[in-house]
1. Mind checking which lysines have their C-alpha under 16 Å from K420, skipping anything on the same chain fewer than 8 residues away?
2. Can you give the FRET efficiency for K62 and D164, using 1/(1 + (r/R0)^6), R0 = 56 Å, r = Cβ-Cβ distance, to the nearest 0.05?
3. Normalised radius of gyration for segment 456-563, please: alpha carbon Rg relative to 2.2 N^0.38 Å, two decimal places.
4. Taking only protein heavy atoms into account and a 1.4 Å probe, give the accessible area per residue of the chain in Å².
5. Let me have the relative contact order for the chain, percent, based on Cα pairs under 8 Å that are six or more residues apart.
6. Which of the GluC sites (Glu not before Pro) across segment 355-430 are loop residues per DSSP, with 11 or fewer other Cβ within 10 Å?
7. Which FRET efficiency value, to the nearest 0.05, do you get for K548 and I317 by plugging their Cβ-Cβ distance into 1/(1 + (r/R0)^6) with R0 = 41 Å?
8. Tell me, Kirkwood radius of the chain from alpha-carbon pair distances, in Å?
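The values are calculated or read from the model by the stated rules, or taken from the named source; none is laboratory data. Keep in mind it's a predicted model, so treat the numbers as computed, not measured. Positions of Cβ are generated from backbone atoms using ideal geometry, with glycine treated the same way; all protein chains shown enter the neighbour counts. The accessibility values were calculated without ligands, DNA or RNA, using every heavy atom of the protein model including side chains. Shrake-Rupley method; radii C 1.70, N 1.55, O 1.52, S 1.80 Å.
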Amino acid sequence: MSQSNPILHPRKGIHNLEKYEETYEQFKWDSVHPHFSWFKTDKVNMAYECIDRHVEDGYGEKEALVYINGTTKESLTFSELKRRTDEWAHLLKSQGVKKGDRVFTFLPKNQEGYIAILAVIKVGAIVGPLFEAFMEDAIYDRMYDCEASVLLTNAELLERVPVDKLPELHSIYITDDLDHPIAQSIPRLLKETSFEGEAVQWVGLNDGMIIHYTSGSTGKPKGVLHAHRVMIQQFQTGKWVLDLREDDVYWCTAHPGWVTGSSYGIFAPWLNRTTVVVHGGRFKADEWFQAIEDTGVTVWYSAPTAFRLLMNDTDKIKNFNLSSLRHILSVGEPLNPEVITWGLDAFNIRIHDTWWMTETGAQLIVNLPTAAIKPGSMGRALPGITAGIIDLEGNEVKRGEFGLLAIKKGWPSMMKEIWKNEEKYQSYFINDWYVSGDLARMDEEGYVFFQGRNDDMINSSGERIGPFEVESKLIEHPAVVEAGVIGKPDPLRGEIVKAFIVLTDAYTESEELLKDIQTFVRFKLAAHAMPREIEVLEELPKTPISGKILRRILKAQEIEKLEQGDRYHVPL
Ligand code: WT7
C-alpha cells in the first residue's frame, strides 16, 4: 500500500486519543477513576453515571435519546430520561424489587425498552435484556436458568413467554395501558406510585448489573454476568474508540438484547453524555439512510452484514444527505477489505473494525481514528490491554504465527461470572490468559488478523449461534432422529446455519417437510437460528467410541463442495 492511501492513513483532525504508542506505554486504568462521581462519593450506580449526574452537572436540557421509526421522531432530554427512569425505579422498588434480583426486559427498540433497562439497574437489580425476536424456547432457557422473578414487557411480546414453565417468575409488568389477566400495567401503576425518596440504590463496583446469554459450541446458552465496573472501560472506549465528543449524535444499530446494544448502545455513549439515536423497526437500506439524514448521525457503529446489505443499495445513497457522518465503526464478524473500500467510496470515511466479545464487556482490539488501518486486521490492543497469540499451554507463539487469541486477565470490563457455572467460567483461562476461542495472528506492529473460531460456534450476520441449541431443537421435530449443525460460509452473512439431519423411518424427504422443520426452529427458538439450508443424510459422521457427531467433518465437506463448485468466495 502506498503512503498516501487513506485506508492506512487517517484523516487529520482533533481526536480524543492522538498518540497510541505513547498512551499504550503509560496508561493505567486507575487514571480513569477520577472521572466518575463514585471516586469522590463512594456511591456506585451505572444508571446514575449515565443519566443523573449529567442533569446535576447542568446538562438536563441536552438531548439524550432520539427515537426514530419511519416518520415518527421523538426525543428525550437527560432530565426527562432521569424523571422517567426514576419513576420506573420507584415503581419497581414499591413492588419489592431488590438489589441482586433478576429482572428481565422483553421490549422493542423504543424509549420504554431503554428506560426499562436503566430503571432496573437504578434499583440495583440485575437486568436481563431479551432480544425482541426471541421465541418461546429461547426465552425459557434464559429466564429459567437465571431464575428471573420479574419481567417487563408488553402484551404482544408476553404471548411468547412460557409463563407456566417459569416457577420463579412472580411479577409481570406491561407497558400497555390495559387490563391483563396475568400482568400489571406500568402506566396504571405509575399513577399510584409514590415518587418520594431516592430512586437510586447504591451498589458496589463488583455487584452484578446486566446478564447476556451467549452461545458456545456445546450446551445451552450461558449467562454472562457483568458488574457495574464495566463502566470504566465502556466510558474510556466510548471516548477513545468511538471518539465521542460534546456535539456528537451517535447511532449503534444493535438491539440491547445483545451486548453491543447495551455496552455501546446505552452505556458507553451515555457515560460520555452523548445523544443516542434509537431506530425502531427492521433493516431497510432506505430507512437507515433516512435515519442518518433525519437525526444527523455523526458517529455510527454497525456490523459487516449490515454494511454488505447497504452495499447492495449503494445507488440509493445519492438520494440522501449523509454529510453529518464523521466516524464509522464495525463489530461482530470479519470486516472484509471490500467493505472498507466501499465505505471510502460511499462516505469518504474509513470503517474502523473493533473486536471484543460478550464476555469481555467492552472493546479490546481496536482501530483508532488516529491510527493506520490494515485492511483485514481487527486492529491493535487498546491501551490498558495486553493481547497475545498463544498455544494450548499458554505460551506466546512467534509473531506472525497463528494461535489462540488471548487477553491478559485484569481489564475492568471482564465478566464477573458465568451464571451458576464456575466450571465454565474457569474454562476460559489458561494461566493468566483469558482465551477467546478465536484463532488469529499478530504482526510485528501488533495488528491482529482474525482467522476463525477454535470451536463449532456459528457467526451468522454477527450473531453468535450455538450449534447444540439448534440441534436440540431439530431433534424435537417428529421427523428428525439426528442433527448436526454447522456454519456454512456465505458471502453476505459471513456464515449461514446449515443443518444435516437423519429422518425417522416414518418420513421421507420433501420440500414441504424441510420447510416445516425450518418453521419449527424459527417459531420455537428464533428466526436467526433457523437453518437456511437443510440436507438429509443417511447417517452422520461420528466419533468411533463416544458416538459424538463430528461437525468438523460436515463443515470440511461443505467447504470442499463450495470450493469445487467455485460458486462463492469462501471468506475463511
Ligand atoms: C465473537 C464474539 C461483542 C461484539 C459482538 C459479538 C466474533 C467479534 C469480530 C471482528 C471478526 C469478530 C469473534 C468473537 N467477532 N468481533 N471484529 N472480527 N470476528 O459478540 O456475540 O459475544 O461474539 O464474535 O468470533 O469471539 P459475541
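1. K220, K222
2. Efficiency computed from Cβ-Cβ geometry: 0.80.
3. My calculation over the Cα atoms of segment 456-563 gives 1.01.
4. 42 Å²
5. Relative contact order here is 13 percent.
6. E393, E401
7. The pair K548/I317 has a calculated efficiency of 0.25.
8. By the Kirkwood definition, the hydrodynamic radius is 24.7 Å.
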